[in-house]
Amino acid sequence: MSVFDRDSKDDVSRGARAVVVHAELAGGDRRDPDARLEEARGLARAIGIDVRGSQAFRVRDRKPSTLFGSGQVEAIAALAMDHDAELVIVDNALSPVQQSNLEKVTKAKVIDRTGLILEIFGERAATNEGRLQVELAHLDYQAGRLVRSWTHLERQRGGFGFLGGPGETQIEADRRMIRDRMAKIRRELEQVTRTRGLHRARRQKAPWPVIALVGYTNAGKSTLFNRMTGADVMAENLLFATLDPTMRQIALPGLDKAILSDTVGFVSDLPTQLIAAFRATLEEVLSADLIVHVRDIAHPDSDAQRDDVLQVLEELGIYGEGADPATVPPMIEAWNKMDMLDSEDAAHVREVAQRQEAVIPLSAITGEGLDRLQRAISETLTAGAEVHAITLDPADGAAAAWLHEHGEVLDSIVSDQTLALNVRLSHSAYARFRARKA
């Protein structure tokens, strides 16, 4: 039996011998080629693949049949043979024809960047919603390929079987099965979205704002989340260590309570299937009062990673031309991993940050800059506070306590019938108070 047969009891993705190749396309992104190749190796290692070799190739003209030139394809085949590789990972998007032709020449299984990311997501998704979202994304991706049969729909373990399969059989049955399964998942996700909406409505009536951490994968969001909340969310030096959203209550200067949300990391060339599939999960970002964009400021491609994150946020309708200015949340950039810089580079980063608004250099590992970040979050959430005259029933102690807790009560007058207060509240706090009383 092939080591890639998904009916095997072993998780075939782990320990598979692989080589990673990347096509530097003319007019492509501005990333450092070495950093891009290292990211691809990191993606492979994230699911335990044994990466034995890697190489980048300059591709001037994309070949419809193989993406790479004929000489480069031979070099890839030689690279795979030299390293006894069972798997060739192409850090680019491949068409079904290109994937099939490369497999014929290299005599190895071939997956592209999209397939690898989906495989990681399939293994990592921990909640039922996350698994449904990833499976829907994978089905959408696989529907246009159908290069192997769909027996993994019955699989019990994580992952989605890109790394194996018995070959092309019963394609029409597969196509029918895919359509039926996608329809069923969409119905289930609609129910999840409705339930999440109800939970969000309850939170909006609750007396605290929501802060969403977003950023490129492995930027340190979960480490910062743990530092700010005292939680123990998985925070390893792995790409896509976090997939499912995690929310915790925190205290901030001037705000006794707020909700901090850790979200899935973004990545360059994030498959469109995943952006659509994870829209429900990322609705936590859409409804946030404030977004903290965590950046790995020590990474050589930090600026390009920032652009990738903003592009995804635009595609989600949070920012950009399609966004409603009235609902666009403010953003703070947290320039993380200052501890990874030498003293000269760190001094330069701090100098640059001082010249920009809403930028906080910090280290989630050492705690440097954390107090400043917390103050900036609090100041942003309470900005634009206005004084409101509010009249309560004297017996409504809960509402009075809420106002004292989340605003500045300037004065109060008590009579037999009413409790009249003048309270300074932020726009978001006043909106939540009104929703709470509705």
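The values are calculated or read from the model by the stated rules, or taken from the named source; none is laboratory data. This is a predicted model, so every value here is computed, not measured. Here the Cβ is made from the backbone with ideal geometry for all residues, glycine too, and neighbour counts use every protein chain on show.
The sole residue among ARG52, ARG31 that is among the charged types (D, E, K, R), without any contact (Cβ under 8 Å) to a residue 40 or more places away in the chain and either within 21 Å of ASN218 (Cα to Cα) or outside any helix (DSSP H, G or I) (or both) is ARG52. Within the span defined as region 234-257, one or more residues are in the same structural domain as GLN311 (by TED's automatic domain parsing), among the hydroxyl-bearing types (Ser, Thr, Tyr), within 25 Å of SER378 (Cβ to Cβ) and at pLDDT 75 or above.
In this structure, is ILE89 β-branched (Val, Ile, Thr), within 21 Å of THR114 (Cβ to Cβ) and touching a residue at least 60 places away in the same chain (Cβ under 8 Å)? Answer is yes for this residue. Among the residues of region 359-384, write down those that are surrounded by 15 or more Cβ atoms within 10 Å (Cβ to Cβ) and of a type in the set (A, V, I, L, M). Selection gives VAL359, ILE360, LEU362, ALA364, ILE365, LEU370, LEU373, ALA376, ILE377, LEU381.
Taking the criterion of being in a loop (DSSP other than H, G, I, E, B) and exposed (fewer than 11 other Cβ atoms within 10 Å of the Cβ), the residues of region 385-415 that qualify are ALA395, SER415. Give the residues of region 343-362 that are in contact with a strand residue (DSSP E or B) (Cβ under 7 Å, 6 or more places away or on another chain) and either assigned to a helix (DSSP H, G or I) or within 18 Å of PRO300 (Cβ to Cβ) (or both), sorted by residue number. If the condition is that a residue be in contact with a strand residue (DSSP E or B) (Cβ under 7 Å, 6 or more places away or on another chain) and either assigned to a helix (DSSP H, G or I) or within 18 Å of PRO300 (Cβ to Cβ) (or both), then VAL349, ARG350, ALA353, PRO361 are the ones that fit.
If the condition is being in contact with a Leu (Cβ under 8 Å, 6 or more places away or on another chain), at pLDDT 85 or above and over 22 Å from HIS427 (Cα atoms), then region 306-337 contributes ASP308, ALA334, TRP335, ASN336. Checking each residue in region 105-153 for being at pLDDT below 90, in contact with an Asp or Glu (Cβ under 6 Å, 6 or more places away or on another chain) and part of a helix (DSSP H, G or I) picks out GLY130, LEU132. If the condition is being at pLDDT below 85 and charged (D, E, K, R), then region 387-420 contributes GLU405, GLU408, ASP416.
When THR272 is tested against (1) at pLDDT 70 or above; (2) among the β-branched types (Val, Ile, Thr); (3) in the same structural domain as ARG306 (by TED's automatic domain parsing), exactly one condition is not met: (1).
Cβ separations smaller than 7 Å between residues 6+ apart or across chains give the following pairs from region 94-113 residues that are touching a residue at least 40 places away in the same chain (Cβ under 8 Å) to residues that are assigned to a helix (DSSP H, G or I): LYS109/GLU103. Scanning region 426-438 for residues that are within 25 Å of the chain's Cα centre (by Cα), farther than 20 Å from GLY220 by Cβ, exposed (fewer than 14 other Cβ atoms within 10 Å of the Cβ) and of a type in the set (Gly, Ala, Ser) turns up nothing. Scanning region 95-112 for residues that are of a type in the set (D, E, K, R), farther than 11 Å from ALA80 by Cα and crowded, with 19+ Cβ neighbours inside 10 Å yields a count of 1. The sole residue among LEU94, LEU43, LEU102 that is part of a helix (DSSP H, G or I) and farther than 19 Å from THR217 by Cα is LEU102. Taking the criterion of being closer than 20 Å to PRO96 by Cα, in a helix (DSSP H, G or I) and at pLDDT below 80, the residues of region 161-202 that qualify are ILE171, GLU172, ALA173, ASP174, ARG175.
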